[in-house]
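Let me begin by presenting the structure, written as structure tokens, before commenting on it.
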């Protein structure tokens, strides 16, 4: 279906651009070179932009015919994340990361290239009535860059009646796309439990309050929260990823620390788990004469929950681009978290997946974005934008987007 489009896309240029970003990855809020490259690309297309939101964020505003910054008309937002991860790449192709301990292990380099491809297509034919805000967002990987951009005026300065995003997805074959109404990704909250006991000599345990076995008991009991407190038809994950205690085998430490993450698809499940963590930790510690403090770190990421009208619209565009057999309008949600959920709390919109094929697993040292998706994603975004102005912009009803 891509061949039906009359505007030719410079796929070679975009692929080289993506490979350049892959060779020079940058961590959250350090994406200065990446932002420079995006700005240079937008300049070649004659698209005005603003830099500096969330330090390294950049927003380009692509106006249709007879539209301008003073008269933007209906406005649509499309977001791409731009940051990399603190991993040492294990691939051996020619564009492998040149930055030690940093790589694009989540495909954000490809998300950026897809959106720039859409910008190229839309700028070549501005026969649409409105404005597309191209949102290049830093700090998705644990930095809540979406929330920071919003707090710094993203949707005040660049109002959007709808906002959309895509993520490359290794669980789908390349050429398949999908979305769904409602939660498509889980909330993500990290927590810390500090168990405070009484330290001493390892040969005199009776004179101490050993926090290590107490911490182990807490970890064991926390596993019952999902299996016994959450509806089996709901989905939740509670994982302890790190336990830290002691400095020597012959010393009983004074405290032990437990670090974990909680992922849920509903607010009710999240509340149940967070209450359970507090209750189990404090009561088990008290039963052994110790104390436990639970720290919830930064509020975490909310569910990425698609609005009904926008998800149905996105699914329709997917069907038109890749066909009925390669699109899924009711994908199973994932327990990974995504800060695009913050944007969906403020603006109606939808989030979808574009199949990456067998190019490794997300956040692995062997991951790589599938270059075939640069063209597919660019044409998808172009069609979504043009169709949104034609069919959706004039019938927006926010009361149905709760």
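Do you know which residues across segment 357-373 are in contact with a helix residue (DSSP H, G or I) (Cβ under 7 Å, 6 or more places away or on another chain) and more than 15 Å from residue 318 (Cα to Cα)?
So the first thing to find is which residues in segment 357-373 are in contact with a helix residue (DSSP H, G or I) (Cβ under 7 Å, 6 or more places away or on another chain), and the list is 369, 371, 373.
Within segment 357-373, 369, 371 qualify.
Keeping to segment 125-142, report how many residues are in a loop (DSSP other than H, G, I, E, B) and over 17 Å from residue 391 (Cβ atoms). Step through it out loud before you land on a result.
Filtering segment 125-142 down to residues in a loop (DSSP other than H, G, I, E, B) leaves 125-130, 138-142.
Add one more test, that the residue is over 17 Å from residue 391 (Cβ atoms), and what stays is 125-126, 138-142.
Count: 7.
Only one of these is in a helix (DSSP H, G or I), at negative phi and crowded, with 22+ Cβ neighbours inside 10 Å: 350, 385. Name it.
Values: 350 fails: in a helix (DSSP H, G or I).
Testing whether each residue is in a helix (DSSP H, G or I), at negative phi and crowded, with 22+ Cβ neighbours inside 10 Å leaves just 385.
Quickly run through segment 7-29 and pick out the residues that are farther than 13 Å from residue 81 by Cα, assigned to a loop (DSSP other than H, G, I, E, B) and in contact (Cβ under 8 Å) with a residue 40 or more places away in the chain.
Hits for segment 7-29 are 7, 9, 10, 24.
Considering only residues that are farther than 30 Å from residue 385 by Cα, modelled with pLDDT under 95 and touching a helix residue (DSSP H, G or I) at 6+ places or on another chain (Cβ under 8 Å), which ones fall in segment 274-315?
If the condition is that a residue be farther than 30 Å from residue 385 by Cα, modelled with pLDDT under 95 and touching a helix residue (DSSP H, G or I) at 6+ places or on another chain (Cβ under 8 Å), then 296 is the only one that fits.
Among the residues of segment 217-237, are any without any contact (Cβ under 8 Å) to a residue 24 or more places away in the chain, surrounded by fewer than 19 Cβ atoms within 10 Å (Cβ to Cβ) and under 30 Å from residue 324 (Cα atoms)?
There is at least one residue in segment 217-237 that is without any contact (Cβ under 8 Å) to a residue 24 or more places away in the chain, surrounded by fewer than 19 Cβ atoms within 10 Å (Cβ to Cβ) and under 30 Å from residue 324 (Cα atoms).
Check segment 107-115 and report whether any residue there is touching a strand residue (DSSP E or B) at 6+ places or on another chain (Cβ under 7 Å) and over 25 Å from residue 379 (Cα atoms).
no
Which condition from (1) out of contact with any helix residue (DSSP H, G or I) (no Cβ under 7 Å at 6 or more places or on another chain); (2) in contact (Cβ under 8 Å) with a residue 12 or more places away in the chain is the one that residue 382 breaks?
Just one mismatch for residue 382, condition (1).
Please find, among 317, 321, 295, the residue that is in contact with a strand residue (DSSP E or B) (Cβ under 8 Å, 6 or more places away or on another chain) and not in a strand (DSSP E or B).
On the way: 317 fails: in contact with a strand residue (DSSP E or B) (Cβ under 8 Å, 6 or more places away or on another chain); 295 fails: not in a strand (DSSP E or B).
Answer to the selection: 321.
Residue check, residue 86 against (1) more than 20 Å from residue 379 (Cα to Cα); (2) buried (at least 18 other Cβ atoms within 10 Å of the Cβ); (3) within 17 Å of the chain's Cα centre (by Cα), all met but one. Which one?
Only one criterion is unmet by residue 86, namely (2).
Look at residue 100 and say whether it is more than 20 Å from the chain's Cα centre (by Cα) and within 30 Å of residue 215 (Cα to Cα). Explain how you work it out, then say what you get.
On the way: more than 20 Å from the chain's Cα centre (by Cα): yes; within 30 Å of residue 215 (Cα to Cα): no.
When the stated conditions are applied, residue 100 does not pass them.
Which ones in segment 175-208 are within 27 Å of residue 279 (Cα to Cα), more than 17 Å from the chain's Cα centre (by Cα), in contact (Cβ under 8 Å) with a residue 12 or more places away in the chain and surrounded by fewer than 21 Cβ atoms within 10 Å (Cβ to Cβ)?
192, 194, 196, 198, 199, 205, 208
If you go through segment 293-307 one residue at a time, how many are over 19 Å from the mean Cα position of the chain (by Cα) and under 20 Å from residue 264 (Cα atoms)?
Filtering segment 293-307 for residues over 19 Å from the mean Cα position of the chain (by Cα) gives 293-296.
Subset that is under 20 Å from residue 264 (Cα atoms): 294-296.
Counting residues in segment 293-307 that are over 19 Å from the mean Cα position of the chain (by Cα) and under 20 Å from residue 264 (Cα atoms) gives 3.
Quick one: residue 164 ticks every box in (1) touching a strand residue (DSSP E or B) at 6+ places or on another chain (Cβ under 7 Å); (2) in a loop (DSSP other than H, G, I, E, B) bar one, so which box is it?
Result: residue 164 passes all but (2).
Looking at the structure I just gave you, is residue 356 closer than 30 Å to residue 92 by Cα and buried (at least 18 other Cβ atoms within 10 Å of the Cβ)?
Values: closer than 30 Å to residue 92 by Cα: yes; buried (at least 18 other Cβ atoms within 10 Å of the Cβ): yes.
Spelling it out, residue 356 is indeed closer than 30 Å to residue 92 by Cα and buried (at least 18 other Cβ atoms within 10 Å of the Cβ).
Residues that are over 24 Å from residue 347 (Cα atoms) and at pLDDT below 95: does segment 66-73 have at least one? Step through it out loud before you land on a result.
Narrowing segment 66-73 to residues over 24 Å from residue 347 (Cα atoms): 66.
Going one step further and asking which of them are at pLDDT below 95, we end up with 66.
Yes; the residues of segment 66-73 include at least one that is over 24 Å from residue 347 (Cα atoms) and at pLDDT below 95.
Given (1) in contact (Cβ under 8 Å) with a residue 40 or more places away in the chain; (2) not in a loop (DSSP other than H, G, I, E, B), where does residue 36 come up short, assuming only one miss?
(1)
Quick check on this structure: which one of 243, 251 is out of contact with any strand residue (DSSP E or B) (no Cβ under 6 Å at 6 or more places or on another chain) and modelled with pLDDT of 95 or more? Even if it seems obvious, please write down each step before you answer.
Details: 243 fails: out of contact with any strand residue (DSSP E or B) (no Cβ under 6 Å at 6 or more places or on another chain).
Only one candidate qualifies: 251.
Residues of segment 143-155 being within 10 Å of the chain's Cα centre (by Cα) and in a helix (DSSP H, G or I), which ones?
Result: 145, 146.
The values are calculated or read from the model by the stated rules, or taken from the named source; none is laboratory data. As the structure is a computational prediction, the values presented were derived from the model and not from experiment. Cβ coordinates were reconstructed from backbone atoms using ideal geometry, including for glycine residues, and neighbour counts include every protein chain displayed.
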